[in-house]
Structures are given as structure tokens and as C-alpha cells.
Amino acid sequence: MDERESSLERTLRPEEMRFGCAGQRNIATIDSERAVIKSTRKPALVALGPLLACIVVAGCGKQPRPAGESNRGQASREEAGSPFHFVDVAAELGLTEVLWCGRAGKDHLLDSAGTGAAFLDYDRDGRLDIYLVNAWRLDGSEVVLKGRNILYRGLPDGSFRDVTDEAKVGGEGHWGCGVFAADYDADGWTDLLVTNFAPNVLYRNLGDGTFENVAADLGIEVPGWNTGASFFDAEGDGDLDLYIAAYIDCSMKDVLDAERTLDWKGLAKVAFGPFGLTGAKDHFFLAADDGRYVDVTEKAGFDDKALGFGFAVRAGDFDEDGDSDLYVANDSDANYLYQNLGTGRFREAGLWSGCAFSQTGAAQASMGVAVGDATGDGLLDLFLTHFADDYSTFYRGIEGGFFEDATAQMGLAQSTFTALSWGTVLADLDNDGDQDLVVANGHIYPQVDAHPQAGTSYKQKNQIFENRNGIFVEVTDEAGPGFQLAESSRGLAMGDYDNDGDLDLLITNLDAPPTLLRNDSRCASWITIDAQVPPGSAQVGTKVHVTVAGRTQTRDVAVGDSYLSTHDSRLHFGLGSTETVDTIEVVWPDGLKSVHTQVPARQILTIAKEK
């Protein structure tokens with residue numbers, strides 16, 4: 001391909017409309033971006049009210065620091081104007097296993113796709129545990145090591161212990177891709193679906209600290225390159241159904257024999273694809289009465305007729321009609337939005353709903369997806385991460401299930417253009433009442449490092465954007481040492497691992513240990529809702545509305561956000577300076593509601609659904 005043009009304002013040529021994960025070139029017009037500076041909120045600490053939660057903590061902040069060190073850090077952050085401060089604590093807390101991914105030269109796209117991560121509480125002790133997916137280490141066409149997936153149990157002192165072998169969740173020797181944590185059988189214990197470049201694995205949680213692989217028994221192994229997945233209730237019958245996306249139709253022999261044959265910008269030979277390769281077919285499984293899953297992909301309307309190169313999957317009620325729809329992020333092809341017709345059937349509506357292409361009508365190289373209400377209007381928005389030399393796209397939700405590309409208006413066009421982006425999350429990271437944005441970055445071609453004139457690098461810093469009155473302002477350089485690290489990152493999971501009231505970030509990296517970014521930011525008030533259901537009921541699909549001073553925030557329990565990863569299922573809300581929540585309304589998947597009023601803030605509140 002030719003060099004990137006110096007001007008960002010031009011018209012797309014037809015031949016540049018489809019250059020996906022191996023050289024995306026969709027360059028759209030970049031409008032001027034504006035930023036509105038939001039005043040810093042400084043909450044006052046007050047005494048907590050009656051103990052309504054299973055866990056109550058006094059506020060944000062981590063382990064005590066020496067007084068001088070803490071004061072210096074606080075002063076420097078205030079002078080910089082950024083509310084964020086993140087520190088990588090992975091090594092000191094025991095997260096040291098390397099996550100392998102093929103060859104050092106990344107000769108095949110599988111070598112560079114990476115793996116996902118999950119926050120979950122598998123043993124129901126109130127502390128988050130971590131599951132990391134691993135792949136293989138290759139040398140040419142030789143398999144050097146088949147990496148082991150890792151389950152880390154969260155310990156009372158805040159560290160983690162590797163319990164993989166005793167829990168029996170090492171991955172069965174497969175090349176791992178994604179992990180999706182959900183109680184699929186509604187027995188009260190969180191299970192683990194691991195998608196693979198190989199038959200999938202579904203680890204059923206036995207409730208005694210061990211798991212068993214039941215994927216073959218349930219009929220969901222699906223050999224091939226499986227990627228993103230989502231458990232959700234497609235029919236409204238209370239059972240969790242399952243959608244599994246797939247990327248490229250290829251074999252392990254194709255991977256091992258691959259050579260770098262694509263001419264990247266006339267500078268280097270890199271891995272070939274995805275164009276010129278055949279996309280693999282996605283699968284939808286309906287939960288049957290006997291506990292098995294039945295493949296009803298075409299019957300249900302999930303035809304995947306374009307054989308899109310599928311990556312991320314996210315279920316949610318995007319048209320606000322009371323049932324679960326499904327969004328699929330495709331690399332270099334139109335993204336899918338499957339609208340639930342309410343009869344167990346779906347229709348693909350991405351094009352006419354406005355979230356299939358960019359505002360120029362171009363397919364983009366979609367990798368990860370974040371879902372949330374970043375604009376504060378009560379409607380779900382979508383954020384899609386893409387290849388380098390193209391902006392990641394913010395689709396603003398519009399009433400009726402429609403979307404518009406509002407990337408430039410949200411301040412994200414220029415700031416996301418250069419990086420090659422993967423995992424992502426919309427979350428309130430400073431507890432000020434709006435959702436901020438994090439993006440995990442890293443190139444797929446190590447060869448770029450030998451060509452500085454290309455203006456990019458293989459290892460890249462991840463990015464963080466502060467939401468300032470509905471405009472995203474990048475504050476990566478002022479967000480602490482955790483955001484100054486450079487790796488080729490992929491999966492991103494969000495959760496409050498230390499239960500201190502702010503959200504931490506877990507990131508997977510190619511051929512390196514993971515990153516665990518502890519949130520040491522200046523902290524406003526907050527509340528976290530742990531919506532628990534009795535055995536026999538599904539938690540996924542639960543919505544929580546939190547209202548303070550006439551303003552309502554909404555979160556939903558979902559599986560499959562980000563890139564091949566799963567977030568903490570507890571729902572976190574920043575409250576600014578407020579110390580009392582006016583109303584908490586939990587809408588359970590069956591439509592029943594639980595309402596609590598005048599609830600003290602700064603607690604993890606368990607709300608249990610009545611039987």
C-alpha cells in the first residue's frame with residue numbers, strides 16, 4: 001500500500017474501502033474536535049448509614065502509602081488536572097504467567113490475535129478472581145509450548161494464587177482465544193466458556209472449587225477459529241442461550257505453514273489476510289429443555305451470510321423494547337446488529353440502524369466493542385475499536401434503536417486514528433457520574449519497528465479518555481505510570497478487584513504477562529450493586545437504574561463486552577459528591593422489579609431477587 005497521506009481530509013478511493021486487520025485504510029474526514037473543561041468535584045466524606053451491604057468499605061484508595069509519597073502523588077495529579085492515576089500491580093500480586101501467542105515474527109494472523117481475560121467470583125467469597133486465556137508458542141512450524149490457561153484466586157491480602165491445576169481449568173491443551181463467565185445452568189455458580197482455535201471448552205463450576213468440561217456433552221465444541229461469544233436469553237424463557245462468533249476458516253496446518261507474504265506499505269513483508277481468506281461461520285445455540293444446546297443459527301435468523309470476520313459480541317436491549325438484541329463486531333466487514341423480533345427469531349438491521357459502517361459508508365476493521373450510556377441520555381451507545389490509520393468509531397444511540405457516527409463530535413477521531421486498538425470499556429473510572437473510556441492498543445506486525453518512517457510501533461501505550469460533559473479528552477500521559485507502559489495489548493476486563501470502590505483494569509499482552517492497573521485515582525462517591533438471583537434464574541440481562549438528584553444512570557449485566565473478555569458482573573455507579581442514592585431500581589430479566597430508596601453510598605450492596 002502507499003504511504004499514509006499527510007492530510008486527513010480527503011475522499012475515500014474505492015480500493016481503500018476494505019483493507020481490514022492486515023492494513024486498514026479507511027480514512028474519514030476529521031472534523032474539528034472540541035473539549036469542555038469540567039470543574040473538579042471534591043466530595044465530602046460523611047458517616048455511613050445502616051449496613052445494607054454484604055461488603056461495606058469506607059471509600060476509595062488502596063493500601064496505605066508513606067505519607068510523603070502519597071502527598072506528592074496527590075499534588076502532582078491535581079496540578080496536571082487529570083483525575084486518574086493507575087499503577088501496574090500484576091507482578092507484585094502474583095500475575096506473572098506469560099501469555100503466549102505464536103511466533104515472534106507473527107507469520108499468521110492467529111499469531112497476533114491474542115487472548116482475553118475475565119474478572120469473576122468463582123468461589124463466591126466476595127473477592128474477584130481472574131481467568132486468563134493462553135495460546136501456544138511457536139518457532140517456525142514447530143510447536144514449542146502449548147500454553148496453559150490460568151485461574152488466579154483472589155486472596156484476603158489482595159494478592160492472587162494460581163489454582164488452575166486444582167480447579168482443572170487449564171484449557172485442555174488448546175490454542176485459547178476468549179473467556180466468557182456466566183452461570184449458564186442457573187445453579188448459582190459461575191461457569192467459564194473458553195473459545196479456542198480448536199473445539200471450545202465449557203467449564204461447569206461444580207461448587208467445590210473444581211470444574212468439569214461439558215462442551216462436548218452440550219454440543220457447543222464447534223472446531224475452528226472461535227472468537228467472541230455472549231450468553232443471553234434470546235427467547236425470554238429464562239434460559240441462557242449462546243452466540244459464538246468465528247473469524248477465519250483455516251486449519252492448524254495453514255497456521256504452521258504460513259509465510260509473511262503481504263507487502264505492508266512497501267516496507268516489509270507481513271502476515272497475509274484477512275482479505276483473500278474465507279470468513280468462518282458464526283453459530284447460535286438455543287438452550288434446550290434437557291440442558292443441552294441446539295444449533296439453530298439459520299432458523300433463528302443469524303445467517304452470517306457475508307461470512308464476516310467476527311471478533312467481539314455483545315447482547316443488549318439496543319432498541320428498548322424489552323428483549324435482548326445482539327451486536328457483532330466484524331473485522332473489515334459490515335458489523336451486524338441482530339434485532340430481536342420477540343419470537344425467538346432475529347433480523348439483521350445493522351445497515352439501516354446506522355451502526356454497520358462508518359459515516360463515510362466504509363466497513364472498518366472492528367476488533368472490540370464497548371457498550372454504555374456515555375452521553376447520559378438514557379440510551380445505549382456503542383464504541384468500536386479498529387485498525388491503525390483509521391479512527392475507532394463512537395456510535396451514539398438514538399431513540400428507536402438507531403445510531404449515528406458521532407466520533408468527531410465526541411472528541412475521538414484524531415486521538416484514536418494512529419493506534420491499532422482492541423479491548424475497550426466505557427466505565428466511570430473517577431466516580432464523577434459519567435462514563436470514561438479506555439482502549440487497549442498494540443500492532444499486529446513486529447516488522448513496523450524496523451521502519452520508523454512508518455510512524456508507528458509494535459508495542460503501544462494504552463489510552464484513557466476522561467468524559468468531560470459528554471466530550472472525551474485524552475489524558476493518557478497524566479494517568480499515572482500504568483498508562484505509560486508499552487505492550488502489544490489485546491483483551492481488557494474491568495472490575496473492582498480490591499473492593500475499594502473504584503474500577504481497576506486487567507489487560508492481556510502478547511508474549512508477556514498481563515497488566516493489572518490498580519486505580520489510585522482521586523475518588524468521588526460511589527455505589528456498586530451485586531444483583532443476585534436464586535438458583536434456577538438467570539442474572540444476565542438484569543438492569544439497574546440509579547437515580548440521584550433527578551439524574552438516572554443505567555447499567556446491565558452482560559457477557560462478552562470488550563475484546564474476548566468478561567467484566568465484573570457487579571454494576572458500578574459513580575455518584576460525584578452525593579452520599580445518598582435517592583432510588584435504586586433493579587429490573588430483573590423476567591420483568592419483576594426491586595426498588596430501594598435513600599440508600600447510603602460508598603458500599604457494595606447485594607440486592608437479592610425474591611424467589
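One table, with the values for the structure above:
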| read-out | value |
| --- | --- |
| For the range 342-400: rounded, prolate or oblate by the Cα gyration tensor [a/c cutoff 1.5] | oblate |
| Highest average packing first - 432-440, 451-459, 303-311, Cβ atoms within 10 Å | 432-440, 303-311, 451-459 |
| Label corresponding to percent of Cα pairs over 30 Å apart when calculated from the structure given, among (i) 58; (ii) 48; (iii) 64 | (ii) |
| Long-range HN-HN contacts of ALA365 with modeled amide H, under 5 Å | SER332, PHE387 |
| Mean Cβ count within 10 Å, highest first, over the residues of peptides 163-172, 181-190 | 181-190, 163-172 |
| For the chain, accessible area per residue (1.4 Å probe, heavy atoms of protein chains only), Å² | 36 Å² |
| Label-to-label distance, nm, for residues given as ARG347 and GLU404 (7 Å Cα→Cβ offset) | 2.4 nm |
| Relative packing of 579-592, 235-248, 549-562, 103-116, which averages over residues the other C-beta atoms within 10 Å, highest first | 103-116, 235-248, 549-562, 579-592 |
| Karplus-derived 3J(HN,Hα), 6.51/-1.76/1.60, for each residue of the range 241-247, Hz, glycine and proline x | 8, 8, 10, 10, 8, 9, 9 |
| Length released on extending from SER159 to ASP377, taking residue separation times 0.36 nm less the Cα-Cα span | 74.6 nm |
| Additional length obtainable on full extension of the chain from GLU585 to GLN414, 0.36 nm per residue less Cα span | 57.7 nm |
| Mean residue ellipticity (222 nm) of the chain, computed from DSSP H runs ≥ 4 via -39,500 (n - 2.57), nearest 500 | -1500 deg cm²/dmol |
| Theoretical gain in end-to-end length, ASP295 to LEU145 [0.36 nm per residue, Cα-Cα removed] | 50.7 nm |
| Per-residue ³J(HN,Hα) for the range 443-450, Karplus 6.51 cos²θ - 1.76 cosθ + 1.60, θ = phi - 60°, Hz, x for Gly and Pro | 6, 9, 10, x, 5, 5, 5, 7 |
| Amide H contacts of GLY480 (H built 1.01 Å from N, under 5 Å, at least 5 apart or other chain) | PHE86 |
| Candidate lysines - alpha carbon under 16 Å from LYS593, same-chain residues fewer than 8 apart omitted | LYS543, LYS609, LYS611 |
| Placed amide H near THR583: partners under 5 Å, 5+ positions off or other chain | THR547, GLN598 |
| The chain: relative contact order as a whole-number percent, Cα under 8 Å and 6+ apart | 18 percent |
| Top positive-direction residue, dipole computed over the chain with Cβ charges, set CYS101, TYR336, ALA312 | CYS101 |
| Rounded, prolate or oblate (a/c below 1.5 giving rounded, otherwise prolate when a/b exceeds b/c) for the range 310-439 by Cα gyration tensor | oblate |
| Relative contact order [Cα under 8 Å, 6+ residues apart], the range 257-369, whole percent | 17 percent |
| Karplus (6.51, -1.76, 1.60) ³J(HN,Hα), θ = phi - 60°, over the range 573-588, in Hz, Gly and Pro reported as x | 10, x, 10, x, 8, 6, 10, 9, 8, 5, 9, 10, 10, 9, 9, 6 |
| Label-to-label distance, nm, for residues given as ALA216 and ALA450 (7 Å Cα→Cβ offset) | 4.4 nm |
| Local net charge near ALA601, Cβ-Cβ under 12 Å (Lys/Arg +1, Asp/Glu -1) | -1 |
| Protein accessible area in the range 434-508, 1.4 Å probe - carbon and sulfur % | 51 percent |
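The values are calculated or read from the model by the stated rules, or taken from the named source; none is laboratory data. A quick note: this is a predicted structure, and the numbers were derived from the prediction, not measured. Virtual Cβ from ideal backbone geometry, glycine too; neighbours counted across all protein chains shown. For accessibility, only protein heavy atoms count, side chains too; no ligands or nucleic acids. Shrake-Rupley method; radii C 1.70, N 1.55, O 1.52, S 1.80 Å.
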